[in-house]
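These notes concern the structure reproduced below.
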Amino acid sequence: MTDGLRAAVASGRLRTGARLPATRLLAGELGVSRGVVVDAYQRLIDEGLAAARTGAGTTIIARPRVRDSASDRRRSLDTLRLPLPPADGIDFDLSPGVPDLSAFPRTAWLRAERAVLDGITAADLGYGDPGGAPWLRAELAGWLARTRGVRAEPDDVIVVGGVAQALALLARTLHAAGRSRVAVEDPGSRGARDQLAHWGVRPEPVPVDAEGLVVGELTQDAAVLTPAHQYPTGVVLSPARRRALLAWATSGDRLIVEDDYDAEHRYDRAPVAALQGSGPDEVAYAGSVSKSLAPGMRLGWLIAPRRLQAELLTAKHDSDLGNPALPQLVLARLLATGDYERHLRTVRGRQRRRRDALIEGLRRHLPDASVTGVAAGLHLMVTVSSDISDISLAERAAGHGVLVHPLSWHRHRPGPPGLILGYAAHPPDRLTEAAKRLGEALSRPGQLSRPGR
Ligand SMILES: Cc1ncc(COP(=O)(O)O)c(C=O)c1O
C-alpha cells in the first residue's frame with residue numbers, strides 16, 4: 001500500500017498539498033483494516049513525503065527522490081577533506097552530520113515569512129545591528145533558557161552564520177589576544193579543527209574517553225568541545241568532568257567553547273543542560289538550526305562571556321555586517337508562535353523511530369557489535385571486535401553499498417576502531433536494509449566478495 005501511495009506521489013497523481021482520505025474511509029473503500037492504512041500513512045510521514053496535523057488529516061508535502069546522485073552527496077562540515085568513496089554503488093549514505101532535509105517545515109516557514117513581510121517596516125530591511133535582530137535575540141535567549149538552561153539576556157546573543165562562524169569569530173578573538181593554543185576533542189569534528197586552524201589558532205587534540213574529554217590533560221588557553229553528545233562518539237561529558245572543566249577554566253582565565261550542535265535531538269531522557277548555565281563567565285555557547293531545520297539556512301547563535309562580546313561583535317561586523325534580516329525574523333516568529341517547537345517534536349519522533357530501526361537491525365544482523373551514543377543526536381557509533389582497521393571495515397561496507405564513516409577519519413592519534421552511522425536521512429525500512437548489508441559486509445571479515453545487487 002505504501003508503494004502505491006509513494007508511486008502516486010512520484011507521478012504527480014497525488015500532488016503536494018493534496019489531503020489523503022481519512023484512514024477509516026480509505027480502509028472501508030479498499031476492504032483492508034484501518035491499521036494497514038495508518039501504517040502506510042505513517043511510512044509516508046517517516047519518509048518526509050506527508051505530514052499529519054491534528055484536525056487537518058494527512059497531507060502530501062513533498063515528492064520522493066528516486067536516488068541521490070553524486071552531486072547531491074550530503075555534505076557536512078567534515079566532508080570537504082574526507083576520502084569519501086565514489087557515490088556510484090552507494091545505496092545507503094549513512095554519513096553523520098546532516099538532518100532529514102525533507103523534513104524542513106516548508107508550510108510553517110512560508111506562513112511565518114508571509115506574516116513577517118506583512119508586519120515589518122521599511123526600516124527593518126536596512127543594515128541592522130551586527131549582533132542580530134532584537135526580536136530573534138530575545139526569542140533565542142528565552143528558548144535557550146527554557147530548553148538548555150542557558151543564562152543570557154537578549155543582548156548577550158550574537159546571531160551568526162552557524163556554529164562554523166561562531167568558531168571563526170572566537171578563533172579570531174583568541175588569536176588577537178595571543179591565546180592561540182586551543183584544545184579540540186580527539187576523536188572530534190575534523191571540520192571544526194580545520195576551521196579553527198584556518199582562523200589562526202592552533203588546534204591541539206586532547207583524548208576523549210568513556211566520560212568525554214579527558215580534562216586532566218588540558219594545558220591550552222581554550223577548549224572546544226561537544227559536551228552534550230560528543231561528536232562523533234556520542235559520549236555525554238560526565239558530571240565529574242563538567243565540574244573539573246569549569247574549575248580548569250576559572251583557575252586560569254581560560255575559555256570553554258561549548259558546541260551544542262545537535263541539542264534538540266534527545267530521545268530517552270531529559271537532555272543534559274548546557275554547560276554555559278553553570279559558567280556563563282567561562283563558557284562561550286554556540287548552536288544553530290543546522291540539525292533542527294537545515295544546514296543550508298546558515299543560521300546560528302553565539303553566547304559568549306560578557307568580557308569578549310564587544311570584540312566578537314566587531315569581528316562579526318567586520319566579517320559580514322550581520323546575518324540577513326528576513327530569515328532572522330522568520331525564525332523569531334517560528335519561535336514565538338510555537339511552530340519551531342512543534343516541528344522539533346515531530347522530527348524527534350521520526351528520528352527516534354529511525355534510530356530504533358537501525359539499532360534493531362544492527363542487533364539482528366551484527367549481534368556481536370556494540371552500539372553506543374544512542375541517547376541523542378542523529379548518529380550512533382558501532383564497535384566490532386576485529387583486528388581489521390575501521391577504514392578497511394568501512395571499505396567493505398561501501399563494497400556492499402553502505403557508506404559509513406570510520407572513526408579513524410575523525411581521529412588525530414590512533415585509537416580503538418569504530419564506525420559512525422548517521423540515521424537521520426533514511427526511513428526505518430531502508431535502515432533495516434542498510435543494517436542487513438552491514439551485517440553481510442562485516443560479520444564474516446574473511447570474505448570480501450560483493451553481493452549481487
Ligand atoms: C560537531 C559539529 N560542530 C559544528 C558543526 C557545524 O555546524 P553549523 O552548520 O552550525 O555551522 C557541525 C556540522 O556538521 C558539527 O558536526
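Key figures for this structure:
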item: Semi-axis lengths (Å, descending) of the ellipsoid that matches the C-alpha gyration tensor of the stretch 121-337; result: 27, 20, 15
item: Peptide ranges 206-217, 3-14 listed from the most packed, as the mean C-beta count within 10 angstrom indicates; result: 206-217, 3-14
item: Length-normalised contact order for the chain - Cα pairs under 8 Å, 6+ apart - percent; result: 19
item: Net length gained if the chain between ARG181 and ARG269 were fully extended (0.36 nm per residue, minus Cα distance); result: 28.1 nm
item: Cβ-derived FRET efficiency at R0 45 Å, SER443 paired with ARG243, nearest 0.05; result: 0.60
item: Inter-label distance for THR107 and VAL38, nm, one decimal - labels placed 7 Å from Cα along Cα-to-Cβ; result: 2.1
item: R0 of 25 Å, Cβ-Cβ distance ARG202-GLU311: FRET efficiency to nearest 0.05; result: 0.80
item: Structure-based [θ]222 nm, the chain - -39500 (n - 2.57) summed over DSSP H runs of at least 4, per residue, nearest 500; result: -12500 deg cm²/dmol
item: Relative contact order for the stretch 121-337, counting Cα pairs under 8 Å that sit 6 or more residues apart, in percent; result: 28
item: From the C-alpha gyration tensor of the chain, square roots of 5λ in Å; result: 36, 31, 18
item: Cβ-defined net charge surrounding PRO305, 12 Å radius [Lys, Arg +1; Asp, Glu -1]; result: -2
item: Volume per residue that the Cα convex hull of the stretch 2-60 spans, once the total is divided by residue count, Å³; result: 76
item: Check: the stretch 255-300 dipole with +1 on Lys, Arg Cβ and -1 on Asp, Glu Cβ, in debye; result: 240
item: Residues LEU170, LEU49, sorted so that the one with the fewest Cβ neighbours within 10 Å comes first; result: LEU49, LEU170
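No lab work stands behind these numbers, since they all come straight from the coordinates. Computed from a predicted structure; not experimentally measured. We place every Cβ from the backbone using ideal geometry, glycine too, and count neighbours over all the protein chains shown.
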